[in-house]
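Structure, as structure tokens:
Readers should treat all values here as calculations from the given coordinates under stated rules, not as data from a laboratory. Quick caveat, the model's predicted, so the values are computed rather than measured. We place every Cβ from the backbone using ideal geometry, glycine too, and count neighbours over all the protein chains shown.
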Amino acid sequence: MRTDILGVGFDGLTLEEAAQAGAALAEAEGFHYAVTPNPEFILAARKDPAFSKALAGADLVLADGVGVIYAARILGRPLKGRVPGIDFAQRLVAWMAGHGKRLFLLGAKPGVAELAAANLKAAYPGLIVCGTHDGYFQEDAPVVEAIRQSAADVVFVCLGAPKQEFWMAKNGPASGARLMVGLGGSLDVFAGVVDRAPKGFQKLGLEWLYRLMKEPRRIGRMAKLPLVLIYALGDRLGGKRHESR
Ligand code: UDP
């Protein structure tokens, strides 16, 4: 059973449980995909039924971002905790390195996926990166074919939302991969092109603030985030009024 947070159903898993579920999907027959919605996704999905469907169709829906956790608390349906996409990816990669699984990295500007591959291979000895491709292509078919040829078990799809979720749902089954994970700007972080917030910010759930300090142009996008909390409060109070009638 998923926990509904403003129309998006989340799997209430800890990071450890999510990594185990990801590993199981990477071994299971057929194609699966995982998504890591943050508050921006929730707002976008409320306006775009196709995006909402692409999120609901995922096999794993992980709460990326403290805003989702707060909204869940306000709604009275707390989740077990935050599962940042990048932490999930690292756990999965560690497992893959120990199990001979093949990883394909898709997305970001030309050259970034190759840098990310080199850094990941250095950090996780034994990891097989079977292919890379940048995220600025026109035709899907050659990219799907490249993944097929690489015999990837897992693909990190880093095209930004909602593009990556649509891409996985549409092209995943033909790729031969077992698991695709939509991971936004993670390849930039793995490549060292973008810094991740220091541990102190991470612990306090303030990664968004660090990112805002580094990239002030995000203020327009981020200013919308408190809306999620306001909607959650509205739903909660509306629900309460309903119950007491
Ligand atoms: N990106 C891409 N193809 C596109 C648009 C974006 O590969 O057509 C990449 C972009 O280079 C960046 C990532 O997708 O690496 C999205 O980053 P962003 O920080 O916007 O995503 P978020 O983590 O906020 O979802």
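Which angle from 0 to 90°, rounded to the nearest 10, does the C-alpha axis of helix 15-27 make with the longest principal axis of the chain?
50
Test of understanding: given the chain, find the longest segment containing no GluC sites (Glu not before Pro) that are in a DSSP loop and have at most 12 other Cβ atoms within 10 Å.
My reading of the result: 30-138 is the longest stretch.
Could you tell me the calculated FRET efficiency between residue 233 and residue 20, based on Cβ-Cβ distance and R0 = 35 angstrom, to the nearest 0.05?
0.55
Answer with one residue from 105, 125, 189: the one whose Cα lies farthest towards the positive end of the charge dipole of the chain, charges on Cβ with Lys, Arg +1 and Asp, Glu -1.
189
Could you give the dipole magnitude of segment 130-245 about its Cα centre, charging the beta-carbon of Lys and Arg +1 and that of Asp and Glu -1, in debye to the nearest 20?
Computed about the Cα centre, the dipole is about 780 debye.
Sorted from largest down, what three extents in whole angstroms do the Cα atoms of segment 99-211 have along their principal axes?
41, 32, 23
With only alpha-carbon atoms counted, please give the Rg and Dmax of segment 37-88, in Å.
That works out to 11.1, 28 Å for Rg and Dmax.
Whole-Hz ³J(HN,Hα) for each residue in segment 219-224, computed from phi via Karplus 6.51 cos²θ - 1.76 cosθ + 1.60 with θ = phi - 60°, x for glycine and proline: what do you get?
For segment 219-224, the Karplus curve yields 4, x, 5, 6, 4, 7 Hz.
With viscosity set to 1.002 mPa s and temperature to 20 °C, compute the Stokes-Einstein D of the chain, Rh being the Kirkwood radius across alpha carbon pairs; µm²/s, no decimals.
The estimated diffusion coefficient comes to 116 µm²/s.
Between residue 48 and residue 4, 0.36 nm times their residue separation minus their Cα-Cα distance comes to what?
Net length gain for the segment: 14.2 nm.
Using a 7 Å offset from the Cα along the Cα-to-Cβ direction at both residue 204 and residue 137, what is the distance between the two label points in nm, to one decimal?
Result for the modelled spin labels: 4.2 nm.
Could you give each residue of segment 141-147 its phi-based ³J(HN,Hα) in whole Hz, using Karplus coefficients 6.51, -1.76, 1.60 with θ = phi - 60°, and x for Gly or Pro?
So the Karplus estimates, Gly and Pro as x, are 3, x, 6, 4, 5, 4, 5 Hz.
Please state the charge dipole magnitude for the chain, taken about the Cα centre, from unit charges on C-beta atoms (+1 on K and R, -1 on D and E), reported in debye and rounded to the nearest 20.
960
Please give the length that would be gained between residue 214 and residue 148 if that part of the chain were fully extended, namely 0.36 nm times their separation in residues minus their C-alpha to C-alpha distance (nm, one decimal).
Result for the pair: 20.0 nm of gain on full extension.
Can you show me the helix-derived [θ] at 222 nm for the chain, built from DSSP H runs with n ≥ 4 at -39,500 (n - 2.57) apiece and divided by the number of residues, rounded to the nearest 500.
Rounded to the nearest 500, the figure is -16000 deg cm²/dmol.
List the residues, sorted by chain then number, that are 5 or more residues from residue 131 or on another chain and whose placed amide H is less than 5 Å from its amide H.
Here 105 satisfy the definition.
Pairs of alpha-carbon atoms within less than 8 angstrom and 6+ residues apart define the contacts here; what relative contact order does the chain have, in percent?
Relative contact order here is 23 percent.
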